1. Which of the GluC sites (Glu not before Pro) found in the range 77-169 are loop residues per DSSP with 16 or fewer other Cβ atoms within 10 Å of their Cβ?
2. Pairs 118/176; 32/137; 101/137; 32/172: which are spaced more than 22 Å apart, C-alpha to C-alpha?
3. Report, in cubic angstrom per residue, the convex hull volume of the C-alpha atoms of the range 51-101.
4. Convex hull over the alpha-carbon atoms of the range 87-172: what's its volume per residue in Å³?
5. Hey, with R₀ at 30 Å, roughly what FRET efficiency would residue 110 and residue 30 work out to, going by the Cβ-Cβ distance, to 0.05?
6. Identify all aspartates and glutamates with a Cα-Cα distance to residue 180 below 14 Å; exclude those on the same chain that are fewer than 8 residues away in sequence.
7. Quick check: net charge around residue 139, other residues with Cβ under 14 Å of its Cβ, Lys/Arg +1 and Asp/Glu -1?
8. Given the protein chains as shown and a 1.4 Å probe, how many square angstrom of residue 96 are accessible, to the nearest 10?
Amino acid sequence: MASLTCMLYSIVCFLPGAYPTARIVTNVALGKPTIQSSTYPGSNSSYAVDGRTGGNFFSDHCMLTRDGNVWWMVDLLHVYNISTVNVFRRTDYPGHAEQAKIEGFVQHPTLCPASSPKVCVNQLGSFTGPSKIVACKQEVMARYVRVSSTTYLTVCEIQVFGQGVGGCLRNKVQVKEGHKLDDPSITMLRGDASSRVECSINCYRLHNCLFFNYNRLTGECQTGSGQETSASSSAADWDFCTIC
């Protein structure tokens with residue numbers, strides 16, 4: 001089969017009744033996947049959603065980035081209407097959270113650069129205690145919440161409060177027919193799907209899924225995450241797809 005590159009669109013829908021947080025405003029960031037632009041040794045991004053609200057870097061586990069113009073981000077794994085964000089600063093080394101900006105995205109801002117942010121707050125401002133609760137200045141419907149700063153960023157806990165929402169999103173999928181990604185450095189999760197569209201929906205629901213292979217004959221759906229790539233090789237009956 002000749003190689004053919006084309007585009008398709010898939011619709012991903014969320015049913016609020018299927019999620020326990022749909023009717024209750026709760027901390028939807030606790031234990032969710034995180035990432036940050038850079039990491040100071042011993043200060044992982046996940047420390048900001050581990051449930052520890054103490055302010056000591058050494059005993060309470062706080063995240064810390066290197067350099068300036070940095071960011072931290074959490075994947076809520078579902079779309080929420082976010083009302084407030086509670087930030088717990090370091091009490092042993094205060095003064096490095098006040099400049100932070102908080103915004104939300106429905107789609108991954110790095111994988112989908114056209115994803116428009118909704119700003120919760122442009123700047124946290126001064127703290128009067130160990131934590132600060134910020135009411136978003138507008139409704140923020142988001143799956144991803146990003147905290148950024150022009151200086152390095154260090155906080156001990158970030159709580160995001162919101163309600164699960166229902167609705168549908170349209171995802172753009174670039175399809176390279178007759179090709180397959182087969183890179184031993186990338187782990188692919190294997191499953192089944194009735195079509196490329198269903199395979200793309202499975203990919204979207206996973207954290208940080210960037211691409212997938214779909215076999216048109218067997219229905220095998222291989223979803224992958226990690227470093228973004230466009231490399232693929234010829235493979236009959238397979239389609240290599242990247243999703244945004």
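1. Numbers: sites: 98, 103, 139, 157; in loops: 98.
Those that pass, being in a loop and sparsely packed, are 98.
2. Numbers: 118/176 33 Å; 32/137 24 Å; 101/137 12 Å; 32/172 25 Å.
Too far apart for the 22 Å limit: 118/176; 32/137; 32/172.
3. Values: hull volume 6.1 nm³, N = 51.
In the range 51-101, the Cα convex hull volume per residue is 119 Å³.
4. On the way: hull volume 8.9 nm³, N = 86.
Here the figure is 104 Å³ per residue.
5. Working: r = 23 Å, r/R0 = 0.77.
About 0.85, to the nearest 0.05.
6. Qualifying aspartates and glutamates at Cα under 14 Å: 220, 237, 239.
7. Numbers: positive: 118, 137; negative: 103.
Taking every other residue near residue 139 into account, the sum is +1.
8. Taking all protein chains as shown, residue 96 has close to 40 Å².
The values are calculated or read from the model by the stated rules, or taken from the named source; none is laboratory data. The model shown is predicted, which means the values in this text are computed figures rather than measured ones. Virtual Cβ from ideal backbone geometry, glycine too; neighbours counted across all protein chains shown. These accessible areas exclude ligands, DNA and RNA; they are computed on the full protein's heavy atoms, side chains included. Shrake-Rupley method; radii C 1.70, N 1.55, O 1.52, S 1.80 Å.
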